[in-house]
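The values are calculated or read from the model by the stated rules, or taken from the named source; none is laboratory data. The structure displayed is predicted, hence computed values, not measured ones. Don't worry about glycine lacking a Cβ; one is built from the backbone with ideal geometry, like all the others, and counts go over all protein chains shown. Surface areas here come from the heavy atoms of the whole protein model, side chains and all, with no ligands, DNA or RNA. Shrake-Rupley method; radii C 1.70, N 1.55, O 1.52, S 1.80 Å.
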Amino acid sequence: MAKTFVIDPVTRLEGHLSVRIEVADGKVTEAYCQGEMFRGFEQILRGRHPMDAQQITQRICGVCPISHGIASVLAQDAAYKVSPPPNGRLLRNLVQAANYIQSHIVHFYLLSALDFVDITAVLKYTGDSPVMADLRGWVERQLKEKLIYPAAPFLPRYEGKYLADDAANFMAIRHYVEALEMRQTAHQMVSLFGAKVPHSTALVPGGITEKVTARAIVAYKSKLEKLRTFIRDAYLPDVVRVAQAMPDYFEIGKGCGNFLAYGVFPESDAPDDAFFPSGVLTKGQLQPLSTAKVAEHLKFSKFDARASGRHPYQGETIAQPAKEGAYTWLKAPRYDGQVMEVGPLARMLIAYHSGKHPEIVKSVDALLAAVGGKPEHLDSVLGRHAARALECQIVADKCLDWLAELKPRESSFNEFELPQTGEGAGLTEAPRGALGHWLVLEEKRIKSYQCIVPTTWNCSPRDDKGVPGALEQAIAGTRVESPENPIEVARVVRSFDPCLACAVH
Ligand code: NFE
């Protein structure tokens, strides 16, 4: 007989998620992901001037605001029939890339690493790093106080097997502290071409308002070098050390097996010419993306189900907090009726199968060789962390090419006229996966605006056919040594890097 346990809240992720699991014979049989709040951005946007949209939608999140800004200006580009000049496209890529690097580093160190790194090892530290000595002193003092949350955000934590090697723990803990500085550096890179962080004021339809200057290029590049060094010398090696110490996590957290990406970082004006290509991978077969097949199901969501199964151009968001049978504020996006996982792993696998980037195939193979994994192991907790770290490096390296293509003195913006009516879809990839904004205009005002956000895909509830969402499927089947201390489930959840603030928008 299955017993029910609730992890509420799941800490160290963005926003408010609780997970209900049913456990029988030491194994999760069912999982339910619950998004705990409603925000209402789609209603806020109705009736407003469309050029407010990129500002308002960036407020959906402080972690991935740039991707929301990009999705919004892409939707407007399509509706106004304008596209940016090369400088505009490149600056958008550079701003979004810096925001990716920030997000991935923060996710690994500040949110996930504490699932694997033994923070209490710092109490044994006798080396000469002042940062580590400070941290040791602080943890010691906190523990002496005997508080309920003795050394938050490090402790308490679920107990489990952590990295056993002191040197590996010391290194990761030190990198945890350095990651804060890396985040600041990446934010500064966003502000160089995006004017402001976290919510860029420079993103506009037709391009970007910042000018390309030699000074900004040099400043961006010097900060980029700092991040590239950190990714190469800290982030990737720490992920490899975790993978080598806990290879069983290549077998844990296997998801639905379907992957979707809209593509990101356009390399030209041509449709579908993105550095990370779009595509849909089901049963190992890559198909071209057709966004007409995207729909949101509402049967188990706290919204009026009369709009269920609709494409986002026809979508509605009518809250019904007391709806019977509904257990979350997330909708359930589906592609051609199927559950999809989105995120760095989806992008990596789609790029891998597309054959577009032999260098990505080489990087994935090299990383797998370093950790002793096989391609089929990528659909797992460790596979998601490895794909994110590798993507971070690939994107940071790619920024050098985009910087070299910039042309100082040329414009980064094309003029446009606001039409009376129109519609446009803005499809991009946020750090956590496929992100779409769908805009309909009437009398130069927003008639309808729908967002389908990466975490809405990943943490979606059951759909109208009762099929669980991607994370719900990845949690089901997980062995838990002690259901009161479900560290295995927490590790599966965090491998998706959920952002519930975005998901419920
Ligand atoms: Ni709030 Fe986001 C990313 C978007 S989340 S962090 O990445 O869009 O689903």
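So here's what we get for this one:
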{"quantity": "Output for segment 412-425, where each listed residue is surrounded by fewer than 24 Cβ atoms within 10 Å (Cβ to Cβ) and either in a loop (DSSP other than H, G, I, E, B) or not aliphatic (A, V, I, L, M) (or both)", "calculated": "413, 414, 415, 416, 417, 418, 419, 420, 421, 422, 423, 424"}
{"quantity": "Among residues of segment 435-475, those that are in a helix (DSSP H, G or I) and either away from the ligand (no atom under 14 Å from the Cβ) or over 18 Å from residue 498 (Cβ atoms) (or both), counted", "calculated": "4"}
{"quantity": "Looking only at segment 1-23, and only at residues there that are open to solvent by 70 Å² or more (accessible area, probe 1.4 Å) and assigned to a loop (DSSP other than H, G, I, E, B), the one that is farthest from the ligand (Cβ to nearest atom)", "calculated": "1"}
{"quantity": "The listed residue being open to solvent by 30 Å² or more (accessible area, probe 1.4 Å), among the polar types (S, T, N, Q) and in contact with a Lys or Arg (Cβ under 6 Å, 6 or more places away or on another chain), out of 320, 338", "calculated": "320"}
{"quantity": "Residues of segment 476-505 classified as away from the ligand (no atom under 14 Å from the Cβ), hydrophobic (A, V, I, L, M, F, W, C) and in a helix (DSSP H, G or I), total", "calculated": "4"}
{"quantity": "Members of segment 105-154 found to be over 23 Å from residue 493 (Cα atoms) and of a type in the set (Phe, Trp, Tyr), listed by number", "calculated": "125, 138"}
{"quantity": "Residues (more than 30 Å from residue 237 (Cα to Cα) and among the hydrophobic types (A, V, I, L, M, F, W, C)) located in segment 144-169", "calculated": "147, 148"}
{"quantity": "Residues being assigned to a loop (DSSP other than H, G, I, E, B), modelled with pLDDT under 90 and open to solvent by less than 20 Å² (accessible area, probe 1.4 Å) - total across segment 151-168", "calculated": "1"}
{"quantity": "Conditions (1) among the aliphatic types (A, V, I, L, M); (2) assigned to a helix (DSSP H, G or I); (3) more than 26 Å from residue 94 (Cα to Cα); (4) open to solvent by less than 60 Å² (accessible area, probe 1.4 Å); number of the one not met by residue 171", "calculated": "(4)"}
{"quantity": "Matching residues, segment 371-411, being assigned to a loop (DSSP other than H, G, I, E, B) and open to solvent by 10 Å² or more (accessible area, probe 1.4 Å)", "calculated": "372, 373, 374, 379, 406, 407, 408, 409, 410, 411"}
{"quantity": "Condition broken by residue 42, with the remaining ones in (1) more than 16 Å from the ligand (Cβ to nearest atom); (2) among the charged types (D, E, K, R); (3) not in a loop (DSSP other than H, G, I, E, B) satisfied", "calculated": "(1)"}
{"quantity": "Neighbours by Cβ (under 6 Å, 6+ apart or cross-chain): first from segment 6-23, more than 17 Å from residue 504 (Cβ to Cβ); second within 12 Å of the ligand (Cβ to nearest atom) and not in a strand (DSSP E or B)", "calculated": "12/111"}
{"quantity": "Hey, residue 179 at pLDDT below 95, assigned to a helix (DSSP H, G or I) and either open to solvent by less than 50 Å² (accessible area, probe 1.4 Å) or at negative phi (or both) or not", "calculated": "no"}
{"quantity": "Segment 54-71, residues that are within 10 Å of the ligand (Cβ to nearest atom), open to solvent by less than 10 Å² (accessible area, probe 1.4 Å) and of a type in the set (Gly, Ala, Ser)", "calculated": "67, 71"}
{"quantity": "Any strands (runs of 3 or more DSSP E) falling wholly within segment 252-360 and containing at least 2 residues that are without any contact (Cβ under 8 Å) to a residue 60 or more places away in the chain", "calculated": "285-287"}
{"quantity": "All positions within segment 189-206 that are among the aliphatic types (A, V, I, L, M) and in a loop (DSSP other than H, G, I, E, B)", "calculated": "195, 197, 202"}
{"quantity": "Matching residues, segment 24-49, being touching a residue at least 60 places away in the same chain (Cβ under 8 Å), farther than 30 Å from residue 314 by Cβ and open to solvent by 10 Å² or more (accessible area, probe 1.4 Å)", "calculated": "26, 27, 29, 30"}
